[in-house]
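The values are calculated or read from the model by the stated rules, or taken from the named source; none is laboratory data. Keep in mind it's a predicted model, so treat the numbers as computed, not measured. Please note: Cβ atoms are built from the backbone with ideal geometry, for glycine as well, and neighbour counts cover all protein chains shown. Surface accessibility is based on the protein's heavy atoms, side chains included, excluding ligands, DNA and RNA. Shrake-Rupley method; radii C 1.70, N 1.55, O 1.52, S 1.80 Å.
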Amino acid sequence: MLLSSGVIWRHRELDDFLRECPGGSVELQTLVHERLDGDLAWLEGLGARVVERSTGNPRTTGIRFDTRSLTDTLAGYGGELRLGDPLRELPAGVPVVLATGGFAANRDLVRESITPEADGLFLRATPWSTGDGLALGRTAGAATAAGMAEFYGRNMPAPPARIDEAQFVSLAQLYASHAEVESATGERYRAQTWSEIDVVQWTARQPGARATYRVPESRLGEKVRARTIGEMVTAAERAGAPVRRTRSDVEVEVVAGITTTLGGLAVDSAARAAPGVYAAGCDVGGISTGGYSSGLAAALVLGRIAAESALEGR
Ligand SMILES: Cc1cc2nc3c(=O)[nH]c(=O)nc-3n(C[C@H](O)[C@H](O)[C@H](O)COP(=O)(O)OP(=O)(O)OC[C@H]3O[C@@H](n4cnc5c(N)ncnc54)[C@H](O)[C@@H]3O)c2cc1C
């Protein structure tokens, strides 16, 4: 959450959400859609600092928060925090909410579930989400939802580019739909979604988890959200990625960056994964399946439901 852009959003129309994420659970998707605005008001009421009341995308609505303020506010509200003491076993007789952020940082699980090119992927996230919640939930008898092979990410400047965590957002190469996208085998791909999540998932399965974006010089001035394509290319070049400029085109080598896994535990509408075991955030699957929706929104809504259920013993 701290590393994110802090935009907590939903599709304006539930139908768009259901259409864009066709493999998900309609029950959970409807829950996130219907509860998000109230939960955003709750979050704001706690004192988290709002940066912008817009997502910059006409299809979606939401709020951008300052992520430091968001995490500090929630940490303060949540009571005692014990760091460096990961839960490895479920305590008997005590309700537990699993919220360990999925398994993006677990190379073996990513190789097994998502791509044989796991070693080539760039980890655009915390190194600590290694699937502990998933493992604990399974041990307790929980099932997994559809879509274990799916993840959310961005294509990033390829090695030898150097990227630190403060640049996860600014170095994202988000112009595949304006480019010819090709892998080392000569296979080409045309972007099909506005989030470009499909391009990133395709790239992750190419040799070395890499691809080349070829953009005509004439399009470098075009804007994608707040930045021009030229600005994104220059940022990749400065970071040290292989960038080739000819008189008519620019070619940028990109690597698939994994941000969060989208597959996870199956939960019901009370966020229950198994008796006494609840889950939220990226430990839960079946929300963005087949597409992409806000991970922060799912974490907020399911997190509150899971906490309420655990307290009430539902
Ligand atoms: C660069 C970037 C930009 C993003 N931008 C957006 C955006 O604008 N909008 C959006 O909706 N989403 C965005 N996301 C995704 C969003 O951050 C996640 O979907 C969201 O944080 C998931 O919430 P979570 O609670 O599941 O996981 P996290 O926020 O990752 O929290 C999980 C926590 O659990 C800890 N943990 C792991 N294992 C254990 C253990 N065994 N015991 C105890 N603790 C453990 C981890 O260290 C971590 O602190 C972005 C992510 C990144 C990295």
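Before moving on, here are some points about what is shown:
- Note on the stretch 1-82: Rg/Rh from Cα positions, Kirkwood definition for Rh, rounded to two decimals, is 1.02.
- Cβ-defined net charge surrounding A105, 15 Å radius [Lys, Arg +1; Asp, Glu -1]: -3
- For the pair D268 and A146, a Förster radius of 22 Å applied to the C-beta separation gives a FRET efficiency near 0.90, rounded to the nearest 0.05.
- If R0 equals 22 Å, the separation of the Cβ atoms of T30 and V51 corresponds to a calculated FRET efficiency of about 0.20.
- With N counted as the residues of the stretch 188-258, its alpha-carbon radius of gyration over 2.2 N^0.38 Å works out to 1.10.
- Divide the volume of the convex hull around the Cα atoms of the chain by the residue count and you get 128 Å³ per residue.
- Cα lying deepest toward the dipole's positive end in the chain, options L87, L36, A105, charges on Cβ: A105
- Radius of gyration and maximum dimension Dmax of the stretch 213-314, Cα, Å: 21.1, 66
- Shown for the chain are the DSSP H helices of 27 Å or more along their axis, judged by Cα atoms, with a mean Kyte-Doolittle hydropathy of at least -1.0: 26-46.
- The chain, dipole about Cα centre (Lys/Arg Cβ +1, Asp/Glu Cβ -1), debye to the nearest 20: 600 debye
- Sequence ranges 52-62, 299-309, ranked by mean other-Cβ count within 10 angstrom, highest first: 299-309, 52-62
- Residues Q167 and R205, FRET efficiency given R0 of 30 Å [Cβ-Cβ distance, rounded to 0.05]: 0.75
- Averaging over all projection directions, the Cα-based convex hull of the stretch 125-269 occupies 10.3 nm² in the image plane.
- With the charge dipole of the chain set up from +1 on Lys and Arg Cβ and -1 on Asp and Glu Cβ about the Cα centre, the Cα lying farthest toward the positive end among the listed residues S177, G23, A142 is that of S177.
- Cα centroid separation, the stretch 147-194 to the stretch 51-73 (Å): 23 Å
- Ligands, DNA and RNA left out, the 1.4 Å accessible surface of the chain is 51% carbon and sulfur atoms.
- Among Y175, Y292, Y189: highest mean-square fluctuation, GNM of the chain, C-alpha pairs under 10 Å: Y189
- Dipole of the stretch 144-250 [Lys/Arg +1, Asp/Glu -1 at C-beta], most positive-end residue of V224, N155, S248: S248
- Both the radius of gyration and Dmax for the stretch 97-191 are 15.7, 46 Å, in that order, over alpha-carbon atoms.
- Taking 0.36 nm per residue of separation and subtracting the current Cα-Cα distance, fully stretching the chain between Y77 and A135 would add 18.1 nm.
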